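The values are calculated or read from the model by the stated rules, or taken from the named source; none is laboratory data. Small disclaimer: the values here were computed from a predicted structure and weren't measured. Ideal geometry is used to build each Cβ from the backbone, glycine not excepted, and the neighbour counts take in all protein chains shown. Ligands, DNA and RNA are excluded from the accessible area calculation, which covers all protein heavy atoms including side chains. Shrake-Rupley method; radii C 1.70, N 1.55, O 1.52, S 1.80 Å.
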Amino acid sequence: MGGDRAPEEIVAGARDAASAEIRPILFGPAGIDTHGLELVEAPDTIAMEEKPAEAVRAKPNSSLVSAVRAVAQGDADAVLSAGNTGAMLAASLLELRRQPGVFRPAIAVTIPARRGPSVLLDAGANADARPEHLFQFAHMGAVFAEEILGIANPEVRLLSIGEEPEKGNQLTLEAHALMAASGLNFAGNVEGRDLLAGAADVVVTDGFTGNVTLKLLEGTIKNLLDTFREEVTATATGKLGGLLIRPAARRLRERLDPETYGGAYLLGLRGLVVIAHGNSSRRAVANAIRLGARGVEHDVVARLASRLPDRAQAV
């Protein structure tokens, strides 16, 4: 029931993702046409504008909370929602809880960089953060890059206002010192202008900066692609040229489209949680479900737990 296009696009995406290896289970009120997929009845719905913690406590039988609870109880391997992100975080902390030693969960988003995909985190779970949080995010991102993106010994960088180690606010300065003294493949700071070029395999920041960065990137990519299409179709000459470059343009759109990945992991929990964009189409939902399935196949939760440094090492 979460997302701007629910429930139709959610059901359609789940149906597209269904296979011999993936069995989507839908949570929502009775009467929804699931096109043959299993439905677990959940009478309540948490709206996008509701206050997350209050809504989760007041609606324990909502579709969102019920779906998270299914993972906690072992009735599902992963949970996906395109609904209220804050409520998803609150429900996950309540039902799944954090992994031992984890300070804060983090949203890990795949960025379609030019040299290949990289991961940005935190992309919105924590508006405020401390240096030790960013240090843990770096380790989480490294595991994500290795297990999901297939990158050996991923390079980690810290998002800042300059590449020099002395550039940045107090948060980035202290986080830089922690990462530089760790066993991470830490390559220093990176500026926002280099993210789409592929400045690093893992880019670490706080949730406020990460969410602003992510939405700026998504908006820039969408507007550039839309403007390019408008210019190509504006004249007869442009339309002729457009026919010639159509295969390359299609490949470019596919590579840069956020719906190619569909969702983002909420890392640091005792279960696998995937968060999708509120405006997700059926294609994005299907790809987000497949992303969750890959996380299950690679046992990301257990691998993350086994490789996170002790809290004492991060303080």
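Remarks
- I107 being in contact with a Phe, Trp or Tyr (Cβ under 8 Å, 6 or more places away or on another chain) and closer than 28 Å to E49 by Cα: yes
- Sole exception among (1) open to solvent by less than 40 Å² (accessible area, probe 1.4 Å); (2) outside any loop (DSSP other than H, G, I, E, B); (3) hydrophobic (A, V, I, L, M, F, W, C) for L39, by number: (1)
Matching residues to (1) outside any loop (DSSP other than H, G, I, E, B); (2) over 22 Å from the mean Cα position of the chain (by Cα):
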| site | (1), (2) |
| --- | --- |
| G3 | no, no |
| A12 | yes, no |
| G31 | no, yes |
| T34 | no, yes |
| P60 | no, yes |
| V68 | yes, no |
| G83 | no, no |
| G86 | yes, no |
| A91 | yes, no |
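For (1) in contact with a helix residue (DSSP H, G or I) (Cβ under 7 Å, 6 or more places away or on another chain); (2) crowded, with 16+ Cβ neighbours inside 10 Å; (3) in contact (Cβ under 8 Å) with a residue 12 or more places away in the chain, each residue gets a yes or a no:
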site	(1), (2), (3)
P117	no, yes, yes
L121	yes, yes, yes
A125	yes, yes, yes
M140	yes, yes, yes
I151	yes, yes, yes
L158	yes, yes, yes
G162	no, no, yes
A180	no, no, yes
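- Scan of the stretch 51-105 for residues that are more than 30 Å from R307 (Cβ to Cβ), of a type in the set (G, A, S) and surrounded by 18 or more Cβ atoms within 10 Å (Cβ to Cβ), ordered by number: A55, S62, S63, S66, G83
- Within the stretch 212-240, residues that are at negative phi sit with their Cβ atoms under 6 Å from residues that are open to solvent by 80 Å² or more (accessible area, probe 1.4 Å), at 6+ positions apart or across chains, in these pairs: L225/R253; T233/K239.
- Only residues that are among the charged types (D, E, K, R) and in contact with a strand residue (DSSP E or B) (Cβ under 8 Å, 6 or more places away or on another chain) were counted in the stretch 145-167, giving 5.
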